[in-house]
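In what follows, a single structure is set out as structure tokens and then discussed.
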Amino acid sequence: MTNIKISVVSPIYGCRDCLHTLADQVADTFADTDFDWELLLVDDRGPDQPWEVITELAQNSPHIRGVRLARNHGQHLAIWAGLEAANGDYVVVIDCDLQDDPKIIPALLEKLIHSNVDAVVVDRGTWSDSKLRRIASKSFYAVVKSLTGVSINNIGNFGIYSRRLVDILLMYQEQEVFLPIMVSLTGLPTTQLQVDRGVRLAGESSYSLRRLITMAIAIIIRFTDRPLKLSVIIGLAFSSLSALISLLLLLMWLLGSFTVPGWTSTILSMWFLSGLIMATLGVHGFYLGRIFREVQGRPRILIEQTTDKAGPPA
């Protein structure tokens, strides 16, 4: 396999201290191969200010390029910025904390070519993270699967993607992107390779429980209308239940079971149904808010500068 160029895209947030190690490990991965390669480091404006290190690495190696976003866009939009800048025949996406080993990239490429697929994504096998972190992630996957119908269980961003698949991904113009689901939306054939995750080299995960919940809501609103259908089903169910209860209460009244005017449960029912109505309106509000963001027409990604050319892009 000669004359093949591989672009390795890594979104950088909170991992300034591991960038040299990341660059060294990627370079070692391709040292004994005939591949042409590049490492794209996308600065997502983390609190540790990694741009200085990225520019230093780019100056010292012709294989390394840097992209600096104008503000924090989040991991997946940072990945998209890297996909837009990548010009390889195949694109690898890998996190910057080195929990995923760059040395398996050749194995990913070999499996992709031999399996005749457009993507090989890594099943992360056994995690070395805390039990609470694993529970939160599994809960996230379960909620997303139940409400979107797309299974991304134990799959992250680490994987290799064909040029054809990347070009199709870049055709999507939504403000909200999420790589694992959008890969499945292309309809192109994919497969998996199970690789256990290592220990995080530096920094901490930016995906707290609160952020996982927020991202799950964003993904569900972005990729499915099932919550809207669910609200209709729940509404019909409660309407049917209230009709049955009304018939029961009428029967009890005719039998003289009610001797005291008023009924405490009436107030409780009103509170419950009012809360249900507000929750349903809130679901619709999420969708209206998402539509509002999409129709504003604002640029999805703002790039401040790159190591290819200083200053904002023309």
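Look at the stretch 276-302: where a residue is of a type outside the set (Val, Ile, Thr) and a partner is surrounded by fewer than 14 Cβ atoms within 10 Å (Cβ to Cβ), sitting 6+ places away or on another chain with Cβ atoms under 6 Å, you get Leu302/Ala70.
Scanning the stretch 27-47 for residues that are at pLDDT below 95, surrounded by 16 or more Cβ atoms within 10 Å (Cβ to Cβ) and within 25 Å of the chain's Cα centre (by Cα) yields a total of 3.
The values are calculated or read from the model by the stated rules, or taken from the named source; none is laboratory data. Computed from a predicted structure; not experimentally measured. In this analysis, Cβ positions are derived from the backbone assuming ideal geometry, glycine residues included, and neighbour counts consider all displayed protein chains.
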